[in-house]
Amino acid sequence: AKEAGRNNYQFYTEGMQDREVRRLELDKDLNRALSEDQLVLHFQPQLDLATQQIGSVEALVRWQHPTRGLLPPADFIPLAEESGRITDIGRWVALAACRQLAAWQGGPLEHLRIAINLSGRELEDHDLVENIEAALRSNNVSAGQLEVELTEEIFIDNLEHNLDQLKRLNQLGVHLAIDDFGTGYSSLAYLRDFPVDLLKIDRSFITRVTERHDDAVITRAVINLAHNLGIQVAAEGIETEAQLNFLRTHRCDLAQGYLIGRPLPVEELETLVAKGVDL
Ligand code: C2E
Ligand code: CA
Ligand code: CA
Ligand code: CA
């Protein structure tokens, strides 16, 4: 029932049995999507506010569905997390990101870092770190060009296992970012105990950061908290120049949002990076 309304694969109120059938169907379709290469990565630029350059991009997965068109992650990621298929998707995403980094080597985009999203479910996979390492190695990509974004949920359960996974990723040289920062229910202690490189302030704080005193206070406090811990900080969901100016004034490191650029197919991203952003 949790998924009702979130999942486009569920068009009407179904009985339990029908729902289970739909789920199995979706999982079968997703499995085929993987073997037939129907998933694609779009890349959203992140503006480095110190240099005014696009220094990194976030990879966001989409499903080029044979009959339904381009599907957003909300239509299939939640179910893939339930079925466990997310592990295969994540493996594909890491490989596709590393292939892209390899393709950029020697060209004007070779300085870019790619951030990929990992759900807590993916962190459970004992082969995760080996898979990421293999994806990097087979593409001759240095780990420092890859970042993983994780949400605070991973600091609630399975703490020991998750800390171990993050340490292994850190030892590889992969960057670690905390996504949607400030929206989870975890304590802040993990900032002391885990090797975090970047905090991404959730869009819900940025949307009204120039209008609501509380959001401004929280945003400034997070920037200062991160900097005092030696952690970089990004803001997501920037849609207006006023928001960008606020973040610049308060020394946020990275800016991401529709104002800078939407998630784009790779060719369009390449054009945008070549042109640069004038903000
Ligand atoms: P997220 O990681 O928080 O990604 C940010 C989402 O906000 C993206 O939605 C992006 O398109 C959207 N966004 C970016 N800038 C703006 C803005 O200025 N305004 C507004 N209104 N929205 C903005 P998207 O691509 O639909 O992805 C949704 C979620 O799906 C992601 O949230 C992430 O949790 C998940 N996801 C995407 N790709 C992957 C993946 O490869 N693996 C996993 N596990 N999850 C993924
Ligand atoms: Ca993210
Ligand atoms: Ca986010
Ligand atoms: Ca999110």
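The values are calculated or read from the model by the stated rules, or taken from the named source; none is laboratory data. Just so you know, these numbers come straight off a predicted model, no measurement behind them. So basically every Cβ, Gly included, is an ideal-geometry build from the backbone, and we count neighbours across all protein chains shown.
Only one entry of GLU81, GLU147 meets the criterion of being in contact (Cβ under 8 Å) with a residue 60 or more places away in the chain and within 16 Å of ligand 4 (Cβ to nearest atom), and that entry is GLU147.
Take the conditions (1) under 17 Å from ALA177 (Cα atoms); (2) of a type in the set (A, V, I, L, M); (3) over 16 Å from the mean Cα position of the chain (by Cα); LEU146 misses just one of them, which is (3). Being hydrophobic (A, V, I, L, M, F, W, C), within 25 Å of GLU239 (Cα to Cα) and either in contact with a Ser or Thr (Cβ under 9 Å, 6 or more places away or on another chain) or within 16 Å of ligand 1 (Cβ to nearest atom) (or both) is the requirement here; does LEU136 meet it? For LEU136, the condition - hydrophobic (A, V, I, L, M, F, W, C), within 25 Å of GLU239 (Cα to Cα) and either in contact with a Ser or Thr (Cβ under 9 Å, 6 or more places away or on another chain) or within 16 Å of ligand 1 (Cβ to nearest atom) (or both) - is not met. Only residues that are out of contact with any Phe, Trp or Tyr (no Cβ under 7 Å at 6 or more places or on another chain) and not in a helix (DSSP H, G or I) were counted in the stretch 119-164, giving 17. The C-beta contact set for the stretch 90-111 (first residue without any contact (Cβ under 8 Å) to a residue 12 or more places away in the chain, second residue of a type in the set (Asp, Glu) and crowded, with 16+ Cβ neighbours inside 10 Å, distance under 8 angstrom, 6+ apart or interchain) is empty. When you scan the stretch 165-187, do you find a residue that is under 22 Å from SER83 (Cα atoms) and part of a strand (DSSP E or B), even just one? Taking every residue of the stretch 165-187 in turn, none turns out to be under 22 Å from SER83 (Cα atoms) and part of a strand (DSSP E or B). Residues in the stretch 247-279 that are at pLDDT 95 or above, of a type in the set (Val, Ile, Thr) and outside any helix (DSSP H, G or I): ILE260 alone.
Annotation: ILE116 fulfils all but one of (1) within 15 Å of the chain's Cα centre (by Cα); (2) assigned to a helix (DSSP H, G or I); (3) within 16 Å of GLY55 (Cα to Cα); the unmet one is (2). Count of the stretch 169-219 residues, restricted to those that are surrounded by 13 or more Cβ atoms within 10 Å (Cβ to Cβ), among the hydroxyl-bearing types (Ser, Thr, Tyr) and away from ligand 1 (no atom under 16 Å from the Cβ), is 2.
Applying a threshold of 7 Å to beta carbon distances and a minimum spacing of six or more residues, or different chains, the list of pairs starting in the stretch 199-228 at a residue that is in contact (Cβ under 8 Å) with a residue 12 or more places away in the chain and ending at one that is of a type in the set (Val, Ile, Thr) and surrounded by fewer than 15 Cβ atoms within 10 Å (Cβ to Cβ) reads ASP202/THR183; SER204/THR183. Can you give me the number of residues within the stretch 232-246 that are in a loop (DSSP other than H, G, I, E, B) and surrounded by fewer than 18 Cβ atoms within 10 Å (Cβ to Cβ)? Number satisfying all stated conditions: 2.
For the stretch 54-75, the tally of residues that are in contact with a strand residue (DSSP E or B) (Cβ under 6 Å, 6 or more places away or on another chain), polar (S, T, N, Q) and either at pLDDT below 95 or within 17 Å of GLN44 (Cα to Cα) (or both) stands at 1.
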